[in-house]
Amino acid sequence: MFIDTHAHLTYPEFDLDLNGVIARAKEARLEAIVNIALDEEARRKARSIAAEYPGYIFTAVGIHPHEASTWTKQTEADLRLFMKENKVVGLGEMGLDYHYKLSPLEKQQEVFRRQLQMAQELDLPAIIHSREAAEDTITIIREENKGGLKGVLHCFAGDPQLEQAALEAGLYISYTANITYPKAEIIRESAVRVPLERTLIETDCPFLAPQVFRGQRNEPSYVVKVAEKIAEVKGLPLADVAIATTKNARRLFGLLS
Ligand code: NI
C-alpha cells in the first residue's frame with residue numbers, strides 16, 4: 001500500500017531494534033523500503049540488511065554532497081564494484097547542499113555531475129538532494145541530462161522554480177514528514193501543485209519525524225503520515241495517494257510487485 005522511497009536503516013539509531021522497525025513497517029502496510037547507503041561501512045550494512053529482508057528492503061548507494069570532498073577515482077571504482085556485485089535500485093543521494101557547505105561548492109558540483117552521468121550510463125534513477133542550491137541544481141540537471149535521466153528530487157523543500165525544472169526533466173518529487181510541520185506551508189503548496197503521477201513519499205529516517213512524533217527517531221512506518229498530509233492538502237482519499245505513490249516508486253526503482 002505504501003513505499004518508503006528513502007530511509008537510512010544503516011544508521012546506528014536502528015542497530016538495536018531493526019526487526020521491530022520492520023515489523024511495524026509491515027503492520028503499517030508498507031510494501032517496500034529503499035535503503036540509502038552513503039559510505040563503505042553503510043554499504044556493507046545495507047548489503048546484509050537487504051539479504052535479511054529480500055524483496056522488501058532495496059539498496060541505493062551514492063555520495064552525499066556533505067561528503068563530496070572525499071570523492072576520488074577510488075570512490076567511483078568502489079561504487080561501481082558494489083553495484084556490479086549487489087542489486088542496487090538507485091544512485092544517490094547526490095546533489096548540492098549550500099546550507100551546511102560541508103564540502104567546497106565546486107567539489108559538490110563536480111561530484112553531482114559525475115554521479116548524474118553514472119546514473120544515465122547505468123540506467124539507474126538519480127536520488128537528488130538539493131538544499132539552498134536551487135539555481136545550481138537546475139543548471140546542472142539541465143546540462144547533464146542527455147535525455148536518459150530519470151530520478152527524484154528527494155526531501156523536497158518547495159522551491160517552485162526547482163519543482164518546475166524537475167517536472168520538465170521528467171523527475172519525480174518526493175516529500176518527507178517535514179510537510180506536516182506547522183511552518184511548512186511552502187512544501188504543502190508544492191504538494192498541491194505537483195501531479196500525483198509524479199509524487200513520491202519517503203521518511204529520510206532516522207531524521208525528520210512527523211509533527212506528532214517530532215524530536216523522536218523517525219522510522220519507515222511513519223511514511224503513512226506523509227501520505228495522509230498529501231491526501232489532505234490535495235483533497236483526495238488516502239487510498240488514491242497510496243496507490244499512485246506506490247506505483248510511481250515501483251516504476252522508478254524497478255521494484256516488481
Ligand atoms: Ni537522506
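Less than 5 angstrom separates the built amide H of residue 90 from those of 61, all sequence-distant by 5 or more or on a different chain. Once C-alpha pairs closer than 8 Å and six or more residues apart are averaged by separation and normalised to the residue number of the range 65-189, the relative contact order reads 22 percent. The order of 17, 4, 97, going from fewest to most other C-beta atoms within 10 Å of their C-beta, is 17, 97, 4.
The calculated pair-distance distribution of the range 127-256 uses every alpha carbon pair, bins of 10 angstrom beginning at 0, and gives 13, 45, 34, 7, 0 percent.
Taking packing as the residue-averaged number of other Cβ atoms within 10 angstrom, the listed peptides 70-77, 28-35, 163-170, 120-127 run from highest to lowest as 28-35, 120-127, 163-170, 70-77. Looking at the range 192-257, the trypsin sites (Lys or Arg not before Pro) that sit in a DSSP loop and have at most 14 other Cβ atoms within 10 Å of their own Cβ are 214. Give me the Debye-computed log₁₀ of I(q)/I(0) at q = 0.09, 0.15, 0.21, 0.24 Å⁻¹ for the range 29-142, equal point scatterers on Cα only, no solvent, two decimals. So the normalised log intensities are -0.23, -0.63, -1.11, -1.33.
For the chain, report the % of Cα-Cα distances exceeding 25 Å. It works out to 38 percent of all Cα pairs. Calculated [222 nm] ellipticity per residue, helices only, for the chain: -13500 deg cm²/dmol; basis is -39500 (n - 2.57) per DSSP H run with n ≥ 4, divided by all residues, nearest 500. In a reduced charge model with +1 at each Lys and Arg Cβ and -1 at each Asp and Glu Cβ, the chain shows a dipole moment near 480 debye about its Cα centre. Distance distribution note for the range 103-149: the fraction of Cα pairs above 17 angstrom is 26%.
For the range 122-183, applying the loop criterion from DSSP together with a ceiling of 14 other beta carbons within 10 Å to the trypsin sites (Lys or Arg not before Pro) yields 146, 183. Summary value for the range 2-253: 19 percent relative contact order, contacts being C-alpha pairs under 8 angstrom separated by 6+ residues. All C-alpha pair distances within the range 73-128, sorted into 5 Å bins from zero, spread as 4, 19, 27, 26, 14, 9, 2 percent across the bins.
Taken as Cα centroids, the range 157-207 and the range 34-88 sit 25 Å apart, rounded to the nearest whole angstrom. For the range 2-253, the tally of Lys pairs with Cα-Cα distances below 16 Å comes to 6, considering only residues 8 or more apart or on different chains.
Readers should treat all values here as calculations from the given coordinates under stated rules, not as data from a laboratory. From a predicted model like this one, the values you see are computed outputs, not experimental measurements. Glycine gets a Cβ as well: all are built from the backbone with ideal geometry, and neighbour counts include every protein chain shown.
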